[in-house]
Amino acid sequence: MRKLNLELEVFKKKLGIEDSNESKETKKKIDSLELMIDLAKVQNNEQQDEKKGLEDKINARVLRSIKNLTELELEELDSKLNSQMEQLESQIENEVRVIPKESDLGEKPVLVILGASEFTIGIFNGEQRTVQVSPATYYQQLGSALNSYNKKKNFFVYFFRPSACEITITNVPGRNGMIQKNLFKLLCDPKNNLTRMLGFKYGFEPIHEEAAVLFTDKTPDPFVEFFPNP
């Protein structure tokens with residue numbers, strides 16, 4: 001393109017043709033576009049170099065870690081890696097990655113994954129715990145877990161599996177004694193629910209039964225489990 005432009009300039013000078021304002025503006029745009037293309041090529045080359053550097057580091061780390069292993073240890077590592085790959089493939093297939101943001105008031109989201117026989121709760125990018133429950137114990141254990149957070153600093157994001165939407169919770173306190181109530185209505189009924197009674201804000205989403213919800217947006221190091229000492 002530059003060669004053509006130069007030839008065009010020479011040709012126009014021979015004919016005594018002057019550039020109009022429009023042609024000058026077009027030339028500026030072409031020059032600007034060429035500069036952007038050149039910069040993009042440089043950035044791409046830098047990214048390729050960075051990628052190669054990371055690959056070299058990973059390869060070197062693996063070699064350092066396995067060079068002193070016995071044949072039996074290598075076989076065990078191979079078996080473990082194959083098993084881990086199967087788990088990762090399953091996790092990727094069923095993975096639900098959620099990246100909730102803090103509220104404008106600085107409140108941190110607490111994820112709550114709800115199933116029929118257990119729930120998992122924890123602060124995003126923090127620790128989480130899973131609690132086994134039954135219809136008779138669900139209300140007390142979930143209510144205790146929710147109430148362990150600070151309503152001025154946290155809000156809840158509920159993820160309902162199909163089994164959680166179907167379960168009926170018993171031993172729910174009512175005006176005339178214990179009553180039964182659907183779990184979704186217990187937590188998210190717009191008229192009257194446990195979450196608001198505890199003073200918390202909330203949101204909710206449905207997920208499929210086998211979904212693996214990630215409590216973090218951080219990329220894990222795939223070698224930590226196998227090579228904890230780099």
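The values are calculated or read from the model by the stated rules, or taken from the named source; none is laboratory data. None of these values were measured; they are calculated from a predicted model. In this analysis, Cβ positions are derived from the backbone assuming ideal geometry, glycine residues included, and neighbour counts consider all displayed protein chains.
Quick check on residue 129: is it basic (Lys, Arg), under 21 Å from residue 212 (Cβ atoms) and touching a Leu at 6+ places or on another chain (Cβ under 7 Å)? For residue 129, the condition - basic (Lys, Arg), under 21 Å from residue 212 (Cβ atoms) and touching a Leu at 6+ places or on another chain (Cβ under 7 Å) - is not met.
The set of residues in segment 120-130 being in contact with a strand residue (DSSP E or B) (Cβ under 6 Å, 6 or more places away or on another chain) and assigned to a strand (DSSP E or B) consists of 120, 121, 122, 123, 128, 130. Exactly one residue out of 110, 131, 98 is out of contact with any Cys (no Cβ under 8 Å at 6 or more places or on another chain), modelled with pLDDT of 95 or more, surrounded by 13 or more Cβ atoms within 10 Å (Cβ to Cβ) and not polar (S, T, N, Q), and it is 131.
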